[in-house]
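Visitor: This is the structure I have questions about; it appears just below.
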Amino acid sequence: MTSPILPDYVPVPRASLGPAVNDQGYYVGRVERNLYWVTDGTYQSAFLTTRDGVVLFDAPPTIGGNLRRAVDEIAAANGVTSTVTHLVYSHHHADHGAASSLFDGDVTRIGHEETRRLLARDDDPARPLPEVTFADRYTLEVGGERVELAWHGPNHSPDNIYIHFPGHDTLMFIDVVNAGWVPIYNTNLSEDVPGYMAAPAIALSYPWTHFISGHLGRLATREDVAVHQQYIADIEASAQEALASVNPVPYFMKYGENAWAGVKGYLDEVTERTAAPVIAKYTGVLAAADVYTPSTAFQVMQSIRLDLGYGSWVHP
Ligand SMILES: [Zn+2]
């Protein structure tokens, strides 16, 4: 057996890491008052303990059974019921919702109407359909607490919602900003790139101090969201520069009738030129800038070409 040759990357900044997880592999902490967050170091979930029951926000399968343990631990410490009565889906993706079926019985599931449609399509018994759906806004009131759910258009997914806790100075918004880290592949695997790029400004338009981003091991601040915004803006500016400066002709000359080889050679060069100054700027600032910036640079550059029409000159 031969070992694969694996690249080395720069170390993760300490500030990007969160608290240590316990022996069972989770950390649960108070966000504010009776709002708590849970992490396994990579995924995040949240819950509200109220006098009438617990409201759970997302159920990532990697945290899985530890959600129950975290809720039981906090409810016991506070002397309140540990019964989960409501579960809110941030969006339909399995990696944030596939532990939903662990909370059976009288749980009321709530989500965007598109979440319900997509979950019906995907037909996954681990993610039961939400019974309560909404189009633009929904106010959830449980045990004297209020949570404002809102949909402001597609971004990471078509159904991704903003979950605002006005009484807890907190916004939960999943899979757009990763606290202290760059997005993973292709703008965090986003379906609507212009929507993804506009979303942080919408998040910042809400009043909040604490931000639950869904990833990775710590909560985020307004500064984290602003740094992410600047990172994406820098990629956009760099992509425009690269598209304007790389000459496609040599690639198409070299590969002749193999048009796709010409396209690949040209766009790979544009991607590399887009990413290089951004990696240099964010190394030591955002974790994994050297790991994933080329992928996101490619996606943003494609959006500039295809969504904004940049460089799509009409043949004379
Ligand atoms: Zn997702």
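Visitor: Report, by residue number, each residue of the stretch 177-194 that is crowded, with 21+ Cβ neighbours inside 10 Å and either over 25 Å from E145 (Cβ atoms) or small (G, A, S) (or both).
Guide: Those that are crowded, with 21+ Cβ neighbours inside 10 Å and either over 25 Å from E145 (Cβ atoms) or small (G, A, S) (or both): N178, A179, G180, W181, V182, P183, T187, N188, S190, V193.
Visitor: Please give the number of the condition K264 fails out of (1) charged (D, E, K, R); (2) under 25 Å from L56 (Cα atoms); (3) more than 16 Å from the ligand (Cβ to nearest atom).
Guide: (2)
Visitor: Give the residue that is farthest from the ligand (Cβ to nearest atom), with candidates limited to residues of the stretch 143-169 that are open to solvent by less than 10 Å² (accessible area, probe 1.4 Å) and touching a Ser or Thr at 6+ places or on another chain (Cβ under 7 Å).
Guide: My answer is I163.
Visitor: Looking only at residues that are among the polar types (S, T, N, Q) and under 13 Å from I74 (Cα atoms) in the stretch 25-51, which one is surrounded by the fewest Cβ atoms within 10 Å (Cβ to Cβ)?
Guide: Once the filter is applied, the top-ranked residue is T50.
Visitor: Among the residues of the stretch 195-208, write down those that are open to solvent by 40 Å² or more (accessible area, probe 1.4 Å) and either within 13 Å of the ligand (Cβ to nearest atom) or touching a residue at least 60 places away in the same chain (Cβ under 8 Å) (or both).
Guide: M197
Visitor: Right, another one. Would you check if there is a residue in the stretch 40-62 being more than 20 Å from the chain's Cα centre (by Cα) and within 30 Å of I279 (Cα to Cα)?
Guide: no
Visitor: Limited to the stretch 274-307, what total is found for residues that are open to solvent by less than 10 Å² (accessible area, probe 1.4 Å), part of a helix (DSSP H, G or I) and not hydroxyl-bearing (S, T, Y)?
Guide: 7
Visitor: A further question follows. Starting from residues that are touching an Asp or Glu at 6+ places or on another chain (Cβ under 8 Å) and within 21 Å of H96 (Cα to Cα), keep the ones in the stretch 214-251 and report whichever is surrounded by the most Cβ atoms within 10 Å (Cβ to Cβ).
Guide: Per the stated criteria, the residue is G214.
The values are calculated or read from the model by the stated rules, or taken from the named source; none is laboratory data. All of these numbers come straight from a predicted model, not from anything done at the bench. Here Cβ is always computed from backbone atoms with ideal geometry, including for glycine, and neighbour counts include all displayed protein chains. For the accessible areas, the whole protein counts, side chains as well, though only heavy atoms, and no ligand, DNA or RNA atoms are used. Shrake-Rupley method; radii C 1.70, N 1.55, O 1.52, S 1.80 Å.
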